[in-house]
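Where a number appears in this text, it was derived from the coordinates with a stated rule and is not lab data. Everything quoted here is computed from the prediction, not taken from an experiment. Cβ: placed from backbone, ideal geometry, glycine included. Neighbour counts: every protein chain shown.
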Amino acid sequence: MALGLAREGARVAIADVNEECANTVKNEIEASGGRALAIRTDVSNEKSVQAMVEKSLKEFLRVDILVNNAGIFPTSPVEEMSEEDWDRVIGTNLVGAFLCARAVVPKFLEQGTGRIISITSGRAFQGAKNGAHYAASKAGIIGFSKSLALELAPHRITVNVICPGITDTAQPRGHQTEEQIYAQGQRIPLGRIGQPEDLVGPAVFLASDAAAFITGQTLLVNGGSIMW
Amino acid sequence: MGDKVAIVTGGAGGIGQAVVMRLARAGFGIFVLDKNEEAGRETVELLRQQNYDAEFYRVDLKYRTEVKDLFETLYAKTKRIDVLVNLAGGTLHRRLIHEFSLSDWREVIDVNLKGTFLCCQAVIKPMKERKDGIIINTSSNFGITGSPGRTAYAAAKAAIIAFTKSLALELAPSGVRVNAIAPGLTATARVMTSHTETEWRQLTEKIPMGRAAEPNDIAEAVNFLASAESGYITGQLIHVNGGMVFT
């Protein structure tokens, strides 16, 4: 996502709790002649988010696009779910999206422009056995984004959501074998699981002028696995 | 407490009173849980006047230990809970995003969403063991449409839908059903006093059926989901909103 936006000419602040990963992406962007910042950020922490936005504003002087992609997906049945796990998932996936949006909105209002794109999951629509906190947080993002879209529409700031299906990253490998992942891909109407690259076009589109009249929507980018 | 027992959180609120009355009429002994002690006692008094079994317990659903201790007390009293209705919740704070403090935003999420999670968690094990039990959660039309000033409330209410589906999947093999209702604009005292007469007319005129829900309309939907008539329904959301919002 960061690489794709950089390719389209965006200067990118990569906010990740994993500083090493953030630096790798930053270096890759700079190697292709782009500009990037890597900022260690815990999106569930108010101060950390404020500091991240201040730092990127200091460097880039403006912010046009916020992508809320940070998320975690531990598993446990509700029966055994600890309060700490619940708070961590809701705090990172949902409250984190709120904190990041709230931190950029004043600048968006001042500029009179801005785009917010948050990432949800098919689990938001279908539920997740052994991932009720995750499904709740991802459905929460949709309710949150629609409300925020209504609040910011008078300022021509748009707020949308992208819903990937199963994607070829480390995440599904936490609880599925390669064979299971391949088999899942075979069952998807377009015949394969998603690649991270599949999300770039939709994100760039929603961030562009072409999508100026689209707000409060959820775009499913999943090869047809769920049609809602 | 009789043969069948239901817990209703937020049972002393405007919708809550109608729900406990309806479930009592269907033969349930009722534990009324609410944060508001006065309204809670009043509700139980109303039920007892009609010879229904009812007890009130004050609880703040934000706190895990409070919920856990209370449900232990309730199980010691009845041995079984047939139905849990999670009605407690509300908008609490209505503010635009840049004026919304983290602590207020969290409070809305915790009262509505975490409270639902904690109460569900407290009944799952015994319901699974008995291979019988019904959980009914409360979402809102705002969980589908969003609402300006309600970023937290709409998030929590949308989250409750996915939470309900997830729990339904986990408990379906045990025969425990989990569903949600989504009341639209409802004519409770709390809602009506927060609007002028003109505002209320404008709001209700926009509803296809031309009126707000009466608390009883919501109570009938809860009663249906709490009954054997809905025995093959799980993971679903039932809108009770006069056609205001679909899906």
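The count of lysine pairs in region A:2-221 whose Cα atoms are under 19 Å apart, excluding pairs fewer than 8 places apart on the same chain, comes to 9. Amide H contacts under 5 Å for A:Ile14: A:Leu37, A:Ala38, A:Ile39, restricted to partners 5 or more places along the chain or on a different chain, H placed in the peptide plane at 1.01 Å from N.
Counting, for every residue in A:71-80, the Cβ atoms of other protein chains within 10 Å of its Cβ and taking the mean gives 3. The mean count of C-beta atoms from other chains within 10 Å of the C-beta of residues in A:121-133, rounded to a whole number, is 5.
Taking the convex hull of the alpha carbon atoms in region A:2-221, what volume per residue do you get, in Å³? Write out the running numbers ahead of the final one.
Working: hull volume 28.4 nm³, N = 220.
So the per-residue hull volume is 129 Å³.
With r as the distance between the Cβ atoms of B:Ser174 and B:Asp69 and R0 = 22 Å, compute the FRET efficiency 1/(1 + (r/R0)^6) and round to 0.05.
On the way: r = 25 Å, r/R0 = 1.14.
So the FRET efficiency works out to roughly 0.30.
May I ask you to order A:96-103, B:31-38, A:140-147 by the average number of other C-beta atoms within 10 Å around their residues, highest value first?
On the way: A:96-103: 24.6, B:31-38: 20.9, A:140-147: 29.9.
So the order, starting with the most tightly packed, is A:140-147, A:96-103, B:31-38.
Under a 5 Å amide H cut-off, with hydrogens placed 1.01 Å from N, B:Asn137 pairs with B:Asn86, B:Asn179, B:Ala180, B:Ile181 among residues at least 5 apart or on other chains.
Computed over neighbours whose Cβ is under 15 Å from that of B:Pro183, the net charge equals +2, Lys and Arg +1, Asp and Glu -1.
Amide H to amide H distances under 5 Å link B:Asp53 with B:Ile30, where only residues 5 or more positions off or on other chains count and H is placed in the peptide plane. All other residues whose Cβ lies under 14 angstrom from that of A:Arg156 are scored, Lys and Arg at +1 and Asp and Glu at -1, for a net of -3.
Can you figure out the FRET efficiency of A:Thr177 with A:Ser82, using R₀ = 25 Å and their beta-carbon distance, to the nearest 0.05? Could the numbers behind the result be given before it?
On the way: r = 27 Å, r/R0 = 1.07.
So, using R0 = 25 Å, E works out to roughly 0.40.
Summing charges over all other residues whose Cβ lies under 13 Å from the Cβ of B:Asn86, with Lys and Arg as +1 and Asp and Glu as -1, gives +1. Averaging the Cα positions of each part gives two centres, and for region A:144-163 and region A:24-63 these lie 23 Å apart.
In peptide A:85-94, what is the residue-averaged number of other protein chain Cβ atoms found within 10 Å of each Cβ? Spell out each step's value before the answer.
Working: counts 0, 6, 4, 0, 0, 9, 2, 0, 1, 8.
Mean shielding by partner chains, rounded to a whole number: 3.
Of the residues B:Gly11, A:Val49, B:Phe224, the one whose Cα sits farthest towards the positive end of the charge dipole of the protein assembly as shown is B:Phe224 (charges of +1 on Lys and Arg Cβ, -1 on Asp and Glu Cβ, taken about the Cα centre).
Taken about its Cα centre, the protein assembly as shown carries a charge dipole of about 440 debye when Lys and Arg each add +1 at the Cβ and Asp and Glu each add -1 at the Cβ.
Applying the Karplus relation 6.51 cos²θ - 1.76 cosθ + 1.60 with θ = phi - 60° to region A:141-147 yields 3J(HN,Hα) values of 4, 6, x, 5, 5, 5, 5 Hz, where x marks Gly and Pro.
When restricted to Cα atoms, the protein assembly as shown yields an Rg and a Dmax of 23.1, 79 Å, respectively.
Taking 0.36 nm per residue of sequence separation and removing the Cα-Cα distance, the B:Met209/B:Glu107 pair yields an extension gain of 33.4 nm.
Per DSSP helix of 4 or more residues, -39500 (n - 2.57); summed, then divided by the residues of the protein assembly as shown. What does that give at 222 nm, rounded to the nearest 500? Before the final figure, lay out the partial values.
Numbers: 20 runs with 218 residues, N = 475.
Value at 222 nm, helices only: -14000 deg cm²/dmol.
Extent along the principal axes, Cα only, for region B:4-240: 48, 38, 34 Å, with the longest axis given first. For region B:116-148, list residues with backbone N below 19 Å from a point placed 7 Å from the Cα of A:His155 toward its Cβ? The answer is B:147-148, whose backbone nitrogens lie closer than 19 Å to the label point.
Sorted ascending by nearby beta carbons within 10 Å, beginning with the fewest, A:Tyr182, B:Tyr232, B:Tyr63, B:Tyr52 become B:Tyr232, A:Tyr182, B:Tyr63, B:Tyr52.
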